[in-house]
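To keep things clear, I will list the structure first and then write my remarks on it.
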Amino acid sequence: MKTILIFVSTLDGKVTKWGSSHVKFWSSHQDQDYYKNVLNESKLIVMGSNTFNTDSFKPSAGHLLTIMTRHPDKYKSLEVPGQIEFTNESPAALTARFKSKVYKQMLVIGGPHIATSFLKEQLIDELWLTFEPKIFGTGGNFVTDVKLDINLRLIHFEKVNEQGTLITKYTVLKK
Ligand SMILES: NC(=O)c1ccc[n+]([C@@H]2O[C@H](COP(=O)([O-])OP(=O)(O)OC[C@H]3O[C@@H](n4cnc5c(N)ncnc54)[C@H](OP(=O)(O)O)[C@@H]3O)[C@@H](O)[C@H]2O)c1
């Protein structure tokens, strides 16, 4: 199973504008269309509870949304069997469970806390990162403030508009 981490970032590495504004208010429509397509094509989507709570994710057949939280009981009423689940499994346990169910791909859509916990445990195979040609100065980075030492190789890049939004894909070089 390939585990993919996807984010849209400014040139100064920010994934939220000034720490709060949602991507839909500042990312290009080309990136939003691309992201929508990636989500539509993903059978298995993993995110943290904060990302879930800042967006409107609807259950849909053919997609399993897995939300990581230490308090799955809090979200019991939102569960939809086979479509939306809440779990307090660790990133490693979650990855092993889905591997054993022979999923081909797992898409991790953030946010930074979840991304960091997967990266720390070397569970990410590819990073799909869109660079918006913007600088926000302040705001959250797509990883939190921990020491990491990860090398990646660029495998794809595409300029998708006149301003120069770049859709890129990197593979993580395993140690
Ligand atoms: N630009 C982008 O591409 C992009 C993508 C995604 C998100 N975002 C933005 O990122 C922000 C949310 O990111 P975030 O980092 O605050 O939250 P997050 O990563 O979405 O969720 C973190 C929460 O998940 C739960 N959790 C369960 N297991 C965990 C584990 N192993 N490691 C870490 N957390 C775990 C904890 O909440 P409990 O209290 O429930 O246990 C934790 O507070 C939002 O503003 C969103 O808009 C941006």
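The values are calculated or read from the model by the stated rules, or taken from the named source; none is laboratory data. Everything quoted here is computed from the prediction, not taken from an experiment. Note that we place each Cβ from the backbone using ideal geometry, even for glycine, and neighbour counts take in every protein chain shown. Ligands, DNA and RNA are excluded from the accessible area calculation, which covers all protein heavy atoms including side chains. Shrake-Rupley method; radii C 1.70, N 1.55, O 1.52, S 1.80 Å.
Worth a mention:
- Within the range 121-147, the residues that satisfy the criterion of being open to solvent by 50 Å² or more (accessible area, probe 1.4 Å) and in contact with a Gly (Cβ under 9 Å, 6 or more places away or on another chain) are F131, T138, N141.
- Residue that is modelled with pLDDT of 95 or more, among the aliphatic types (A, V, I, L, M) and within 11 Å of the ligand (Cβ to nearest atom), where the choices are A92, A96: A92
- Taking residues in the range 43-60 that are farther than 19 Å from F118 by Cα and among the β-branched types (V, I, T), and partners anywhere that are within 10 Å of the ligand (Cβ to nearest atom) and part of a loop (DSSP other than H, G, I, E, B), the pairs with Cβ atoms closer than 7 Å and at least 6 places apart or on different chains are T54/H22.
- T54 being on the phi < 0 side of the Ramachandran plot, in contact with a helix residue (DSSP H, G or I) (Cβ under 6 Å, 6 or more places away or on another chain), within 12 Å of the ligand (Cβ to nearest atom) and among the β-branched types (V, I, T): no
- Top-ranked residue in the range 106-116 [being touching a residue at least 40 places away in the same chain (Cβ under 8 Å) and either open to solvent by 40 Å² or more (accessible area, probe 1.4 Å) or near the ligand (Cβ under 9 Å from one of its atoms) (or both); ranked as farthest from the chain's Cα centre (by Cα)]: H113
- Yes/no for K2 being within 9 Å of the ligand (Cβ to nearest atom), open to solvent by 70 Å² or more (accessible area, probe 1.4 Å) and not aliphatic (A, V, I, L, M): no
- Residues in the range 21-31 that are assigned to a loop (DSSP other than H, G, I, E, B), within 20 Å of K159 (Cα to Cα) and within 11 Å of the ligand (Cβ to nearest atom): W26, S27.
- When we screen Y75, Y103, Y34 for residues that are within 11 Å of the ligand (Cβ to nearest atom) and not small (G, A, S), the only hit is Y75.
- Hits in the range 148-175 - residues which are open to solvent by less than 40 Å² (accessible area, probe 1.4 Å), under 14 Å from L5 (Cα atoms) and either modelled with pLDDT under 95 or not polar (S, T, N, Q) (or both): I167, V172
- Looking across L5, L39, one residue alone is part of a helix (DSSP H, G or I), of a type in the set (A, V, I, L, M, F, W, C) and under 13 Å from L107 (Cα atoms). It is L39.
- Filter result for L65 (among the aliphatic types (A, V, I, L, M), part of a strand (DSSP E or B) and loosely packed, with under 12 Cβ neighbours inside 10 Å): no
- If only residues of the range 8-19 that are out of contact with any Gly (no Cβ under 8 Å at 6 or more places or on another chain) and part of a loop (DSSP other than H, G, I, E, B) are counted, the one that is most open to solvent (accessible area, probe 1.4 Å) is L11.
- Residues that are in contact with a Gly (Cβ under 8 Å, 6 or more places away or on another chain), of a type in the set (V, I, T) and within 19 Å of T130 (Cα to Cα) do not occur anywhere in the range 69-89.
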